[in-house]
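Okay, structure first, notes after.
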Amino acid sequence: MFVTTSYDPCPAQLEEARRLAHLLNGRYIERRQMSLSQLRRRYGDEEILLVSKERLEYHHARRAPLFFHPSMAVIRIKRLLKGESDPLLEIAGVRPGDRIVDCTAGLGSDALVFSFAVGADGKVTAIENAGIPCFLLQQGLKTYHSDVAGLNDAMRRIEVIQMDHLDYLRDLPDSSVDVVYFDPMFRKPITESASIGAIRGLADDRPLSEESVQEAIRASRRAVVMKEHRDSEQFARLGFAEVHLSGNKIAYGVIRC
């Protein structure tokens with residue numbers, strides 16, 4: 001992978017591109033006036049990290065660009081600020097001060113809503129095994145700015161860890177967190193979701209294991225929650241007997257601890 005900038009970069013972009021290239025053991029390439037396709041042909045690498053004035057973008061020749069954005073979390077948090085409820089928070093029984101582990105964080109939309117809900121006295125740990133999504137999440141949570149009340153604080157509070165979630169769960173003491181959450185890559189994709197389409201192929205696409213669920217039950221003192229396609233067979237396979245439909249295609253399975 002190499003790191004470059006948008007056209008006509010400012011000095012801060014150049015410095016950031018060089019820093020990230022060093023951090024990622026990649027190459028810094030001057031953009032000049034070349035297109036990304038021209039850069040790929042000249043330097044022989046399909047993976048490009050683009051530093052623009054607005055954000056970091058991961059580009060691959062065969063995928064849509066991937067970048068951090070709070071996405072639907074913004075809308076959900078605005079609803080919470082109006083006093084409305086959030087289905088996931090209600091189903092999981094999330095309370096201020098809770099400790100929550102999001103085992104499959106992706107680009108952090110659900111983790112962000114959790115962080116807003118638990119507040120400054122709570123803690124959200126976001127686990128993401130895949131390198132590129134984890135890196136974009138880490139950087140985005142540090143630098144993204146929003147005018148929505150409380151959103152910036154919620155982003156900065158999230159702890160992001162790159163590792164296999166099963167290894168993380170195995171190390172947790174019994175009943176040490178309030179909620180453990182799983183949002184694995186759906187076995188039955190929702191093809192019209194552009195955000196999921198961009199991350200599919202980069203994120204860990206292994207099916208959730210029975211051992212992961214059992215470790216989550218051991219570590220949780222309130223609930224283990226899994227998000228899946230509403231018609232998924234994974235709920236029955238993994239022992240989620242309590243299933244709540246949410247919208248036309250999504251459902252949440254819950255195991256009460």
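The values are calculated or read from the model by the stated rules, or taken from the named source; none is laboratory data. Keep in mind the model is a prediction, meaning the values are calculated, not measured. Counting neighbours? That spans all protein chains shown, and the Cβs are built from the backbone with ideal geometry, glycine included.
Find the residue count for segment 55-101, including only residues that are of a type in the set (Gly, Ala, Ser), farther than 23 Å from Val180 by Cα and in contact (Cβ under 8 Å) with a residue 60 or more places away in the chain.
Residues that pass the stated criteria total 1.
In the set Ser193, Ser175, Ser212, Ser246, which member is at pLDDT 95 or above and at negative phi?
One residue alone meets the criteria, Ser212.
Here is a list of conditions, (1) modelled with pLDDT of 95 or more; (2) touching a His at 6+ places or on another chain (Cβ under 7 Å); (3) not β-branched (Val, Ile, Thr), and Lys188 meets all of them except one; can you say which number that is?
All conditions are met except number (1).
Sort out which residues of segment 114-126 are surrounded by fewer than 24 Cβ atoms within 10 Å (Cβ to Cβ) and under 20 Å from Met185 (Cα atoms), and write them in order of number.
Thr125
Please find, among Arg222, Arg218, the residue that is more than 18 Å from Leu88 (Cα to Cα) and outside any loop (DSSP other than H, G, I, E, B).
Arg218
Counting only residues that are in a helix (DSSP H, G or I) and out of contact with any Gly (no Cβ under 8 Å at 6 or more places or on another chain), which one in segment 115-136 is farthest from Asn25 (Cα to Cα)?
Ala117
Inspect segment 102-114 for any residue being in contact with a Ser or Thr (Cβ under 6 Å, 6 or more places away or on another chain), assigned to a loop (DSSP other than H, G, I, E, B), free of Cβ contacts under 8 Å to residues at least 60 places away in the same chain and under 27 Å from Ser209 (Cα atoms) and give the result as yes or no.
Within segment 102-114 (the criterion being in contact with a Ser or Thr (Cβ under 6 Å, 6 or more places away or on another chain), assigned to a loop (DSSP other than H, G, I, E, B), free of Cβ contacts under 8 Å to residues at least 60 places away in the same chain and under 27 Å from Ser209 (Cα atoms)), the answer is no, since none of the residues qualifies.
One residue is enough: does segment 34-47 have a residue meeting the conditions hydrophobic (A, V, I, L, M, F, W, C) and in contact (Cβ under 8 Å) with a residue 40 or more places away in the chain?
no
Does Thr104 meet the test of being farther than 28 Å from Asp153 by Cα and surrounded by 15 or more Cβ atoms within 10 Å (Cβ to Cβ)?
When the stated conditions are applied, Thr104 does not pass them.
Scan segment 73-111 for residues that are farther than 16 Å from Thr125 by Cα and within 12 Å of the chain's Cα centre (by Cα) and report the count.
1
Quick one: which strands (runs of 3 or more DSSP E) sit completely within segment 14-101 and have at least 1 residues that are of a type in the set (Asp, Glu)?
Answer list for segment 14-101: 47-51, 56-60.
Please go through segment 236-254 and pick out each residue that is in a loop (DSSP other than H, G, I, E, B) and either closer than 13 Å to Ile217 by Cα or not hydrophobic (A, V, I, L, M, F, W, C) (or both).
Result: Gly239, Phe240, Gly247, Asn248, Lys249.
Looking at (1) at pLDDT 95 or above; (2) on the phi > 0 side of the Ramachandran plot, which is the only condition Ala251 fails?
(2)
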